[in-house]
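Since the structure comes first, as structure tokens, the remarks are kept for the end.
The values are calculated or read from the model by the stated rules, or taken from the named source; none is laboratory data. Treat the numbers as computed from the prediction; the structure is a model and nothing was measured. Cβ sites come from the backbone with ideal geometry, for glycine too, and all protein chains shown count toward neighbours.
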Amino acid sequence: MLSDESLMLEFQSGSREAFEELFARYREQLYGFFRRRLESKERADDLTQETFLAVIRSTSRYQPRAPVRSYLFGIALKLLAAERRRARRVDPAPDTAESTVENSLWVRRALEKLEAGEREILMLREYEQLSYSEISDLLRIPVNTVRSRLFRARLALKNHLEPNHDREGASTEAQA
């Protein structure tokens, strides 16, 4: 089996089959990346497609300096940031039954309570299975910073997942 980097170089030379193989390898991973961060399945699917369109548009500029996986997730992070900026400019749509059910999930609510940078590092590590080094390259921060933020994120998540966490916080505030 060819490496991702070899496939990308073959695609750069015009191989449609190489692109199709990369698409097959990463479509579900990228869709999952977007789906865990967005309410809409349709937008997650659209942004997955846009990620691959960006690869097609920039294929002539690709340099094998980092793993293709990091390259794809880098594109995905930029598209996600643009999507979030766009969503802030547009009035939020009313909750649908589907998003209401999803928002009620315990882990998702706990993740939403994390600081944005820590949540992103945790999700890149746990859901996308990126290495510390890949996260470091992707976010342009030192590996030790990745490690410490990941540690803090896991600790904070654990605290948010404890059954009495919210009630204790409310009772402490009431006593003050």
How many of the residues making up the range 53-80 are aromatic (Phe, Trp, Tyr) and crowded, with 18+ Cβ neighbours inside 10 Å?
-> 2
Subset of the range 82-122 that is among the acidic types (Asp, Glu) and under 21 Å from Thr48 (Cα atoms) - its residue that is modelled with the lowest pLDDT | Glu102
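I'd like to know if the range 58-71 contains one or more residues that are at negative phi, modelled with pLDDT of 95 or more and under 21 Å from the mean Cα position of the chain (by Cα). Step through it out loud before you land on a result.
Of the range 58-71, the ones at negative phi are 58-71.
Cutting the leftovers down to modelled with pLDDT of 95 or more gives us none.
For the range 58-71, residues at negative phi, modelled with pLDDT of 95 or more and under 21 Å from the mean Cα position of the chain (by Cα): absent.
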Residues being touching a residue at least 40 places away in the same chain (Cβ under 8 Å) and under 11 Å from Ala76 (Cβ atoms): count how many of those fall in the range 25-44.
-> 7
Of the residues that sit in the range 21-71 and are in a loop (DSSP other than H, G, I, E, B) and of a type in the set (Gly, Ala, Ser), which one is farthest from Arg84 (Cα to Cα)?
-> Ala66
Look at Glu5 and say whether it is surrounded by 12 or more Cβ atoms within 10 Å (Cβ to Cβ), assigned by TED's automatic domain parsing to the domain that holds Arg147 and either at pLDDT below 95 or among the basic types (Lys, Arg) (or both).
-> no
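Tell me the residue from Arg36, Arg25, Arg16 that is closer than 21 Å to Arg65 by Cβ and either of a type in the set (Lys, Arg) or modelled with pLDDT of 95 or more (or both), please. Explain how you work it out, then say what you get.
Working: Arg36 fails: closer than 21 Å to Arg65 by Cβ; Arg16 fails: closer than 21 Å to Arg65 by Cβ.
That would be Arg25, the only listed residue that is closer than 21 Å to Arg65 by Cβ and either of a type in the set (Lys, Arg) or modelled with pLDDT of 95 or more (or both).
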